[in-house]
1. Would you kindly derive the ³J(HN,Hα) couplings of the range 67-82 from the backbone phi angles with the Karplus curve 6.51 cos²θ - 1.76 cosθ + 1.60 (θ = phi - 60°), listing them in order in whole Hz, with x for Gly and Pro?
2. For LYS186, give me every one of the aspartates and glutamates with a C-alpha distance below 14 angstrom, ignoring sequence neighbours fewer than eight places off in its own chain.
3. Using +1 on the beta carbon of Lys and Arg, -1 on that of Asp and Glu, and nothing else charged, what's the dipole of the range 37-189 about the Cα centre, debye to 20?
4. Give the long-range amide H neighbours of HIS143: residues separated by 5 or more places, or on another chain, with amide H under 5 Å away, using H modelled in the peptide plane at 1.01 Å from N.
5. What percentage of the solvent-accessible surface of the range 37-189, computed with a 1.4 Å probe over protein heavy atoms, is contributed by carbon and sulfur atoms?
6. How high is the FRET efficiency from LYS62 to ASP166, r the C-beta distance, R0 30 Å, rounded to 0.05?
7. Can you flag which of LYS42/LYS62; LYS42/LYS161; LYS147/LYS190; LYS65/LYS147; LYS147/LYS170; LYS51/LYS161 are past 25 Å Cα-Cα?
8. Would you work out if the range 37-189 is rounded, prolate or oblate? Take a ≥ b ≥ c from the square roots of the eigenvalues of the alpha-carbon gyration tensor; rounded if a/c is under 1.5, else prolate when a/b is larger than b/c, oblate otherwise.
Amino acid sequence: MNFRVLLSSCLFLLVAALSEVRLQARDKADKLELLPIDQSPKPSEWQLFMKLAIEDREAFWKYHKNRGKTLGDWAWEWRLAWVRVCGRSERLYCGEILERSLQDPAVVVRAEAATTIGTRFEGTGYKKAADLLVAAYLNPENHRNRKPLWVQFRILEAMKKIGGQDLMTKGTMLARQDPATLSYWKKLNKI
């Protein structure tokens, strides 16, 4: 077999394989677009979503956004999934999702958003993230019977991770509002 025939055969097989991969990815995205986003995902749907390529996930988000759907229209499990995947992405829409998630109706989503933001901006002292965390900490939904919910502890931990003198000062001020949060803040800062 001559070199040209071999090279042509290899190129043909490569193009065919890449086309198949693209079709499979598009098929996955098409299946997700048909899912009822206002209902809890099945384990197989969750796994499919988590394995999607960044571009396919963004297309999935934009598809629903173009249909007038906001983050609040998704079931809480989907919102939690978005927070988790957006913690690893610098895409603009992911920043918006994380920001909105700090004020989510579901405490588990708010807590995950705080942790994700803390990890994403660890050691940066990033002011916008700090301001969002302070606002989330003051959210009345994060208290029950004048006691802090566990989300506030997650927010304090995120504030510590992000760091910076301004955030440390704000964290101390916020933590002083309750003996439990103050004790936790002191442990985080080894005071």
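The values are calculated or read from the model by the stated rules, or taken from the named source; none is laboratory data. Quick caveat: nothing in here was measured; it's all calculated off a predicted structure. For neighbour counting, all protein chains shown are included, and Cβ atoms are generated from backbone atoms with ideal geometry for every residue, glycine included. To get the accessible areas, we keep the full protein, side chains included, count just its heavy atoms, and leave off ligands, DNA and RNA. Shrake-Rupley method; radii C 1.70, N 1.55, O 1.52, S 1.80 Å.
1. Computed from phi, the couplings for the range 67-82 are 8, x, 8, 10, 4, x, 7, 8, 4, 4, 5, 5, 4, 4, 4, 4 Hz.
2. GLU157, ASP178
3. For this selection, approximately 360 debye.
4. LEU149
5. Ligands and nucleic acids excluded, carbon and sulfur reach 52 percent.
6. E between LYS62 and ASP166, to the nearest 0.05, is 0.25.
7. LYS42/LYS161; LYS65/LYS147; LYS51/LYS161
8. The shape class here is prolate.
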